[in-house]
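The values are calculated or read from the model by the stated rules, or taken from the named source; none is laboratory data. Keep in mind that this is a model prediction, so the values were computed, not measured. Heads up, the Cβs are rebuilt from the backbone with ideal geometry, glycines too, and the neighbour counts pull from every protein chain shown. In case anyone asks, the SASA skips ligands and DNA or RNA and just uses the protein heavy atoms, side chains included. Shrake-Rupley method; radii C 1.70, N 1.55, O 1.52, S 1.80 Å.
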Amino acid sequence: MDRLLRIRAEILATIQPLPAEQVTAGAARGRWLAAAALARVASPPHTCAAMDGYAVRAADVTGAAILPVRQTVYAGDVPAEPLAAGEAARIFTGATLPAGADAVVREEVTREEHGRVQFRDAARPGENVRRAGEDVEAGGVALPAGVRVGARQAALLAAVGVTAVSVRARPRVAVISTGDEVVSGRTPDSNGPAIAALVSALGGEPLRRSAGDRLEAVEAAIAAALRESDAVLTIGGVSIGVRDLVPAALERLGADVRVHGVPMKPGKPFLFARAAERPVLGLPGSPSACLVAFEVFARPALLALAGAARTGRRAVPLRLAEATAGKPGRARLLWAAVEPDGRVRPVGRDAAQVRGPALADALVCLPSGAGDLPEGAEVTTWLLDDDAG
Ligand SMILES: Nc1nc2c(c(=O)[nH]1)N[C@H]1C(S)=C(S)[C@@H](COP(=O)(O)OP(=O)(O)OC[C@H]3O[C@@H](n4cnc5c(N)ncnc54)[C@H](O)[C@@H]3O)O[C@H]1N2
Ligand code: MOO
């Protein structure tokens, strides 16, 4: 995997994030922050009760004690008056602590009768109190740049009063399916919709195009794509057959082909070029190879364009649910399913497979030269289920 990761790093080094724009927090959903989002208000906004009970000055409750209850504070109230020494205030979860109070005693360990509350034990200063800003201080960094705004991030932005944020533009990504068999429909275009869906899941805007097996057609399709998009993905026509026209078309367009052929299985013919200051990623046509090359190279490249701080899949060591026969040579990526017990089971291997990837929720990465692996062997696994935007 090291060589693949080096090639990936070389590709990423050529990619700058797209320009930033200011959008409402709602419109930021699924996009990446271009700058840190700073809290406009603290969270929590006021020092408040963490439990229903009685606000007191802890110094007044150093053991069993009885205090008069002078006020009641509900969530949303502004306390009518400060808490005087020797008094208690009835208070509810989330309600602002009256000035002077420094502890909340849970209702369960008290008894109220005739306007007086009885405490059994000492109150600790700070007990059941949420300090204003203990989660996020006003003016502090709520979210750093490079983070994707999803559901939980939207909650934080709302909590700290952020209504507008700076995010990276959505990448417009041309997805060009090539090959007469695909254009005619004799071979169903399974890669096109898959790659378009993967682009959408990254918050990108896929522009689906196709070109038959004529050099001029492939060249024209790539040239048009370079004009209308921020990145170009081609599918098929990238290995060494006489009808594999993507490399020749790129040459005619004066592209700078930086990578052609990578030591992995499947996905060996993958190509990376720069043309018109844009990245061009040539994915193999064989379905499993296409999707693997997308995972290893294209997805990180598109994430870098979109401004993501983390461009790789989450990699975790998992144990194999079954033995896997070793093969010398290239690093291998196996579509796999994570089982309920946390072990991982490969689901199909041939580069032409469409079913294996469809059943998988992980990719197992075996380094070049990995021999036969027994059941239970630990393997690096990329988890594929974190696309939620
Ligand atoms: N003599 C050699 N032949 C091949 C080599 C090699 O080194 N020497 N490499 C093999 C490897 S590895 C792969 S992977 C494939 C990929 O080649 P291409 O990227 O040029 O892909 P095509 O030849 O255009 O298509 C291969 C296969 O995939 C089907 N296809 C293409 N596009 C789609 C699509 N959008 N949806 C579904 N299926 C698609 C196409 O019909 C072919 O069946 O080359 C090996 N050959
Ligand atoms: O490496 Mo190819 O990618 O065998 O399918």
Test set (1) within 16 Å of ligand 2 (Cβ to nearest atom); (2) crowded, with 17+ Cβ neighbours inside 10 Å - Ala249 fails condition number: (1)
Please state which one of Arg314, Arg299 is within 19 Å of the chain's Cα centre (by Cα) and under 25 Å from Ile235 (Cα atoms). Arg299
Answer from Leu202, Leu271 - the residue that is away from ligand 2 (no atom under 13 Å from the Cβ) and outside the structural domain of Lys327 (by TED's automatic domain parsing): Leu202
Go through the stretch 158-205 and count every residue that is open to solvent by 40 Å² or more (accessible area, probe 1.4 Å) and touching a Ser or Thr at 6+ places or on another chain (Cβ under 6 Å). 6
Mind listing whichever residues of the stretch 264-323 are open to solvent by less than 10 Å² (accessible area, probe 1.4 Å), aliphatic (A, V, I, L, M) and either within 16 Å of ligand 1 (Cβ to nearest atom) or at positive phi (or both)? Met264, Leu271, Ala273, Val280, Leu281, Leu283, Ala289, Val292, Ala293, Val296, Ala298
Residues to consider are Glu228, Glu277, Glu251; find the one that is more than 26 Å from Ser368 (Cβ to Cβ) and in contact (Cβ under 8 Å) with a residue 40 or more places away in the chain. Glu228
Can you find a residue that is within 23 Å of Ile195 (Cβ to Cβ) and more than 16 Å from ligand 2 (Cβ to nearest atom) anywhere in the stretch 323-334? no
Test result for Pro328, in contact (Cβ under 8 Å) with a residue 12 or more places away in the chain, of a type outside the set (Lys, Arg) and either surrounded by 15 or more Cβ atoms within 10 Å (Cβ to Cβ) or touching a strand residue (DSSP E or B) at 6+ places or on another chain (Cβ under 6 Å) (or both): no
Assess whether Ala142 counts as being assigned by TED's automatic domain parsing to the domain that holds Pro206 and in a strand (DSSP E or B). no
Filtered residues of the stretch 9-62 (kept if open to solvent by less than 20 Å² (accessible area, probe 1.4 Å) and without any contact (Cβ under 8 Å) to a residue 60 or more places away in the chain): Ala55
Run down Val338, Val347, Val364 and say which single residue is in contact with a helix residue (DSSP H, G or I) (Cβ under 6 Å, 6 or more places away or on another chain), away from ligand 1 (no atom under 15 Å from the Cβ) and open to solvent by less than 70 Å² (accessible area, probe 1.4 Å). Val347
